[in-house]
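The values are calculated or read from the model by the stated rules, or taken from the named source; none is laboratory data. The shown structure was predicted, so the numbers you read here are calculated from the model rather than taken from an experiment. Every residue, glycine as well, gets a Cβ built from its backbone with ideal geometry; the counts of neighbours run over all protein chains shown.
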Amino acid sequence: MKTAITEMFGIKYPIICGAMMWLCKPKLCAAISNAGGMGNLTAGNYSTEDEFRDAIRETKKLTDKPFMVNVTILPSVHITAEHHKMFVRVCLEEKVAGLEISGTPLDKVVGKEYIGLLKKAGVKLFHKVGSVRHAVHAEKAGYDGIYAAGIEEGGHPLNDDVTSMVLTPRIAETVKIPVVTVGGIADGRTFAAALALGAQAVMMATRFVATQECEVHDNIKQELIKRQEYETALICKSIGLQGRAIKNKIVEEVLAVEAKGGGLEQLIPLIAGQRVKEAWECGYVDSAPMMMGQSVGLVKDIPTCKDLIERIVADAKADIERVRNIF
Ligand SMILES: Cc1cc2nc3c(=O)[nH]c(=O)nc-3n(C[C@H](O)[C@H](O)[C@H](O)COP(=O)(O)O)c2cc1C
């Protein structure tokens with residue numbers, strides 16, 4: 001395959017893993033990169049410089065292929081502005097292939113000068129956005145590409161609530177830098193559709209949770225297979241931190257607190273990071289809000305990353321052939 005993204009990074013397939021707090025660690029990251037896609041190391045998993053640098057070095061030992069690092073710049077109790085600066089500096093020093101920034105743009109938080117420094121070091125800079133206006137800002141600021149994340153996505157979709165189906169072509173027709181579709185992608189059909197919409201690659205996260213290499217309790221992987229596309233909910237809209245999570249007991253509690261006008265103080269104990277971490281590790285499907293996209297409805301098995309990526313590419317090829325025969 002040849003797209004602007006495969007060319008930019010020298011990767012075999014334009015399939016990128018999205019950030020996943022607690023889950024995007026060296027083993028999963030390297031498995032995806034070794035399979036010809038692009039793995040993701042999520043910086044927020046590490047609270048000290050040593051831990052973060054060690055994780056990058058461990059990943060480099062597991063793969064000689066490129067991988068991305070995510071830095072999420074959203075309000076957080078534990079991750080501070082100092083962390084954001086440290087993460088970006090270490091990525092520069094370690095010369096990782098690319099940075100996925102989500103939330104506030106890098107130039108506004110870490111400083112404009114970093115964009116030039118990243119370019120010099122050959123670290124490609126992408127911003128995950130949910131609107132055309134944010135894509136335009138990123139292009140002007142000197143970013144190398146855009147992750148166009150629709151409302152279907154797991155994690156924190158922008159409260160413009162625009163679908164990937166509309167967002168991808170709108171951003172692709174507006175900016176000159178490559179666009180990657182994020183949200184709702186999990187198989188050959190959705191991959192082929194994103195390419196038809198003008199994307200140069202896709203980003204998936206939920207689909208990669210149900211793989212053999214993802215270090216999450218098996219209960220969670222089995223739960224993903226059972227769940228349908230209508231079984232996610234948007235939580236924390238009331239505190240300006242909209243997030244899409246799988247429906248469960250805690251998500252119902254969060255929604256009930258929000259409906260009654262409860263604020264941050266009441267919500268924090270329910271959404272606390274440690275609670276989420278424990279749920280992933282111990283397989284507690286009802287005890288924390290677990291981020292997940294509507295693409296969960298397309299997850300039906302637990303393959304290796306290599307089998308998954310190869311199947312997606314082969315199926316997409318067949319799907320495009322099928323569509324071509326319609327004309
Ligand atoms: C478990 C999980 C954790 C996530 N954590 C983050 C995060 O820390 N930072 C971020 O920018 N996006 C995060 N996301 C969003 C993904 O990177 C990606 O944008 C989104 O999930 C894509 O939609 P999909 O899950 O339908 O493929 C997370 C998603 C999931 C499923």
Original post:
Just checking, which of LEU92, LEU118 is modelled with pLDDT of 95 or more, surrounded by 15 or more Cβ atoms within 10 Å (Cβ to Cβ) and more than 18 Å from GLU51 (Cβ to Cβ)?
Top reply: LEU118
Original post:
Which is within 16 Å of the ligand (Cβ to nearest atom) and touching a residue at least 24 places away in the same chain (Cβ under 8 Å), of GLY116, GLY155?
Top reply: GLY155
Subject >> Close pairs from the range 237-248: first more than 13 Å from GLY155 (Cα to Cα) and modelled with pLDDT under 95, partner among the aliphatic types (A, V, I, L, M) and buried (at least 17 other Cβ atoms within 10 Å of the Cβ), Cβ under 7 Å, at least 6 apart >> reply: ILE239/LEU267
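Which residue out of LYS124, LYS176 is among the basic types (Lys, Arg) and either under 18 Å from ASN40 (Cβ atoms) or within 14 Å of the ligand (Cβ to nearest atom) (or both)? Explain how you work it out, then say what you get.
Details: LYS176 fails: either under 18 Å from ASN40 (Cβ atoms) or within 14 Å of the ligand (Cβ to nearest atom) (or both).
Result: LYS124 is the single residue among LYS124, LYS176 that is among the basic types (Lys, Arg) and either under 18 Å from ASN40 (Cβ atoms) or within 14 Å of the ligand (Cβ to nearest atom) (or both).
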**OP:** Take VAL209 and decide whether it is in contact with a strand residue (DSSP E or B) (Cβ under 8 Å, 6 or more places away or on another chain) and of a type in the set (Val, Ile, Thr).
**Re:** no
Original post:
Out of all the residues in the range 102-114, is one or more out of contact with any helix residue (DSSP H, G or I) (no Cβ under 8 Å at 6 or more places or on another chain) and among the aromatic types (Phe, Trp, Tyr)?
Top reply: no
Subject >> Matching entry among THR190, THR168, THR206 (being under 13 Å from the mean Cα position of the chain (by Cα), under 26 Å from GLY36 (Cα atoms) and within 15 Å of the ligand (Cβ to nearest atom)) >> reply: THR206
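Of all strands (runs of 3 or more DSSP E) completely enclosed by the range 5-81, which ones contain at least 2 residues that are of a type in the set (A, V, I, L, M, F, W, C)?
Values: elements: 15-17, 39-42, 67-73.
Of the strands (runs of 3 or more DSSP E) lying wholly inside the range 5-81, those with at least 2 residues that are of a type in the set (A, V, I, L, M, F, W, C) span 15-17, 67-73.
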**OP:** List the number of the failed condition for GLN274; all other conditions in (1) modelled with pLDDT of 95 or more; (2) over 26 Å from GLY130 (Cβ atoms); (3) not acidic (Asp, Glu) hold.
**Re:** (1)
Original post:
Pick from the range 56-88 the residues that are away from the ligand (no atom under 12 Å from the Cβ) and aliphatic (A, V, I, L, M): which of them is modelled with the lowest pLDDT?
Top reply: VAL77
Original post:
In this structure, is ARG53 basic (Lys, Arg), farther than 29 Å from VAL175 by Cα and modelled with pLDDT of 95 or more?
Top reply: yes
Subject >> Any chance ASN159 is surrounded by fewer than 22 Cβ atoms within 10 Å (Cβ to Cβ), in contact with a Lys or Arg (Cβ under 9 Å, 6 or more places away or on another chain), closer than 22 Å to MET21 by Cα and not small (Gly, Ala, Ser) >> reply: yes
Original post:
With respect to ALA272, is the statement that it is away from the ligand (no atom under 14 Å from the Cβ) and more than 24 Å from LEU158 (Cβ to Cβ) true?
Top reply: no
Original post:
Can you name every residue in the range 46-73 that is hydroxyl-bearing (Ser, Thr, Tyr) and closer than 29 Å to PRO157 by Cβ?
Top reply: TYR46, SER47, THR59, THR72
Original post:
Residue check: is THR304 within 13 Å of the ligand (Cβ to nearest atom) and under 26 Å from ILE185 (Cβ atoms)?
Top reply: no
